[in-house]
Amino acid sequence: MKIQQISLFLENKPGHLNAICRTLANTKINIVTLSLADTQQFGIVRLIVEDWKKAKDALESAGHVVNVREVVAATIANNPGGMSEILDTVDKSGVNIEYMYAFTFRHDSKAVLIFRFDNPDKAIEALTAAGRDVLNEVELFKH
Amino acid sequence: MFYQECAHDENTPVHPVSAPDYMPMDQLRALQLHRLQGLVKRVYENVPLTRKRMDERKVKPEHIKSLKDISLLPFSVKTDLRDEYPFGLFASPMNDIVRFHCSSGTTGKPIVIGNTKNDIDLWQQACMRALAMCGVRSSDVMQVTYGYGLFTGGLGLHYGGEGIGCAVLPISGGNTERQLMMMLDMGVTVIACTPSYFLHLIDEGHKRGIDFRKDTKLKHGIFGAEPWTEEMRTKIENATGIIAHDIYGLTEICGPGVANDCRFHNGLHIFEDHFYPEIIDPETQETLPDGEAGELVFTTLTRTGTPMLRYRTRDISRINTKPCQCGRTIRTFERISARSDDMLIIRGVNVFPSQIESGLLKIDKVLPHYMIYVSREGDLDKLEIQVEVTSETLSDKIKTLEKLRSEIAQSVQHIINISATITLVEPHSLPRSEGKLCRVKDMR
């Protein structure tokens, strides 16, 4: 039920993000979604791509160090209150969210949330029990 | 019995070339005095600069009656070699010189050292003793990754290895791809290079999926030509499963093979039957007793081409008073922690790069890929240490990286007592070196 996210360390300098995107472009890898966390000095770019292994290999042979993490993807209704509902379930389970980001599909009324939980298994259990739609990779990428 | 007691380890008997390492102390001192007297006479008669300095002090060669009398003699320093460039300090006619070696000077002209046949032979003996001390034997395959040429590293270890009977691979520096390929294909068991270049090889090897424990036959690393720390030894040994040895030398004294650490790593054994050590106070130039820290000074008792009287190395160390468990009678000095040349004065505090390195490496999983930048902002000195994140330290969480940054900052500050800005930088972004690496940029 978990999906793989790749993340890379970035110095906070012009051109550094594009170097990563260029490598993925040259390998014909599409970025499904991403989030960029930044501090004054450095940033972390986190990416969800369809073929994470291919992306990791391409980035590593270009000299990058790639971190792979399991994250949880869940869908919500793309309307007011949709997010709040799912967070109610998360809060009740006592699991902490380390970070999250979201995206919507063009032809769908749903939005997808990507969560990094401190305890992903417990979170998935709680979400599934509450009838939430937790996506696996096949489901995520069929959209 | 002697050979059993002095065995390198259970499987490796002592090497015959190591016999002088175990000479009874009184014999060693008598030999040193005899050689010193010969040296002083040679230098007085053949080197005008030294004769002038001795005359100024009213010292004649016959005044050297005991080893203590060495303190009557003048020091020599690196600038002498520059001032007398190229041949002013030679004590033998060109007819007897068989090889030159040079060391880069900081200001244009190099310093030139002349070696007679005698010097080359003795240097080979010293390098053989260093390798034998590490446990290197004739069955070993040794990759010499030090540069060959004017630099002493390559040829020094090369002749040492051949003397022992190793199969020597004189690959010299550079071309990491080929270094790794040959290491695997030739079944290399011993590598000699700078510690920073070996780290680079580890890095590049890991990138190519090489497990040094499984895929190579490496047992020993002979690392020198730049100061490194005990923490770095641990990192290297943990990453590869080899035993990392510290070899010491400088071109002015011959090159590598002046001293080397045995398997007990209690410091570096000085081949003091050839290279007589003293520790002096760099300020007052007083000779200090064993056990006290100061500047290392060497007198080349047996060299004939460009012999050195009391050569000031600028390396800071101390001579250990406790004998080593290996049974050698030749003394040890503490791993070089600093060079007086390398000392940085930051906000009035003396800081040595090696202190920063040990602070850094105390943090788990941090690799020694770093650069030190000193600058001035207004009236204040600013110390910045750039540290590469590695696949081990990289995280997808800002919190984890910020924690790493503050851990490093605290660990460094704990040792140097001033604060430093730690900047995490991208993996493989800092310069790697195939020779001596300069990790300090002072921009003040």
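Read-outs throughout are calculated quantities, based only on the coordinates presented, and are distinct from any laboratory measurement. Small disclaimer: the values here were computed from a predicted structure and weren't measured. Virtual Cβ from ideal backbone geometry, glycine too; neighbours counted across all protein chains shown.
In the frame of its principal axes, the protein assembly as shown has Cα extents of 101, 58, 41 Å, reported largest first.
Determine the percent antiparallel among the DSSP beta bridges restricted to chain B, to the nearest 5. Spell out each step's value before the answer.
Working: 42 of 65 bridges.
For chain B, the DSSP antiparallel bridge percentage is about 65.
What order do you get for B:Arg444, B:Arg439 when you list them from fewest to most C-beta neighbours inside 10 Å? Display every interim value, and only then the final one.
Numbers: B:Arg444 10, B:Arg439 21.
Fewest-to-most Cβ neighbours within 10 Å comes out as B:Arg444, B:Arg439.
Local charge for B:Lys235 was computed over the other residues whose Cβ lies under 12 Å away, with Lys and Arg +1 and Asp and Glu -1, and equals -4. Counted over all Cα-Cα pairs of region A:67-126, pairs farther apart than 18 Å make up 32 percent.
Taking other residues whose beta carbon is less than 11 angstrom from the beta carbon of B:Ile418, and scoring Lys, Arg as +1 and Asp, Glu as -1, yields +1. Extending 7 Å from the Cα toward the beta-carbon at both B:Lys41 and B:Met343 defines two label points whose distance is 4.0 nm.
Of all DSSP beta bridges in region B:343-442, what percent run antiparallel (nearest 5)? Percent antiparallel among DSSP bridges in region B:343-442 is about 60.
Determine, at each q value in 0.19, 0.27 (inverse angstroms), the log₁₀ of I(q)/I(0) that the Debye formula gives when each Cα of region A:2-69 is one equal point scatterer. For region A:2-69 at q = 0.19, 0.27 Å⁻¹, log10 I(q)/I(0) is -0.68, -1.36. Centre-to-centre, using Cα atoms only, region B:227-302 and region A:48-81 are separated by 51 Å.
When DSSP beta bridges are restricted to pairs lying wholly in the protein assembly as shown, around 75% turn out antiparallel. Mean separation of Cα pairs under 8 Å and 6 or more residues apart, divided by the residue count, gives region A:2-69 a relative contact order of 46 percent. At the listed q of 0.14, 0.17 Å⁻¹, the Debye profile of region B:116-273, built from one uniform point per Cα, gives log10 I(q)/I(0) equal to -0.61, -0.92. Using a ≥ b ≥ c from the Cα gyration tensor of region B:161-245 (square roots of the eigenvalues), is it rounded, prolate or oblate, where a/c under 1.5 gives rounded and otherwise the larger of a/b and b/c decides, a/b for prolate? Note, shape of region B:161-245 comes out rounded.
Over region B:10-166, the ratio between the Cα radius of gyration and 2.2 N^0.38 Å evaluates to 1.23. Expressed in Å, the radius of gyration and Dmax of the Cα atoms of region B:141-211 are 11.8, 35. Comparing mean-square fluctuations of B:Tyr146, B:Tyr22, B:Tyr276 from a GNM of chain B with C-alpha springs under 10 Å, the top value falls on B:Tyr22. With respect to chain B, whose longest principal axis is taken over its alpha-carbon atoms, helix B:398-416 is tilted by about 20°. Principal-axis analysis of the Cα atoms of chain B puts helix B:117-134 at an angle of about 40° to the longest axis.
Report the semi-axes of the equivalent ellipsoid for region B:307-444 in whole Å, largest first, where each axis is √(5λ) for an eigenvalue λ of the Cα gyration tensor.
Numbers: eigenvalues 195, 81, 44 Å².
Each semi-axis is the square root of five times an eigenvalue, giving 31, 20, 15 Å.
Annotation: aspartates and glutamates with alpha-carbon distance below 18 angstrom to B:Lys382 (same-chain offsets under eight excluded): B:Asp342, B:Glu357, B:Asp442.
Against chain A, whose longest principal axis is taken from its Cα atoms, helix A:120-129 shows a tilt of about 40°.
Based on the Kirkwood radius over alpha-carbon pairs, what value in µm²/s does the Stokes-Einstein equation return for the translational diffusion coefficient of chain B at 20 °C and 1.002 mPa s? Intermediate results must be reported in sequence, preceding the final value.
Values: Rh = 23.0 Å.
The estimated diffusion coefficient comes to 93 µm²/s.
Of the trypsin sites (Lys or Arg not before Pro) found in region B:247-334, none is in coil by DSSP with at most 15 other Cβ atoms within 10 Å of its Cβ.
Each Cα pair under 8 Å and six or more residues apart adds its sequence gap; the mean of these over the residue count of chain B is a relative contact order of 14 percent. The local environment of B:Asp273, defined by Cβ-Cβ distances under 12 Å, has a net charge of +3 under the rule Lys, Arg +1 and Asp, Glu -1.
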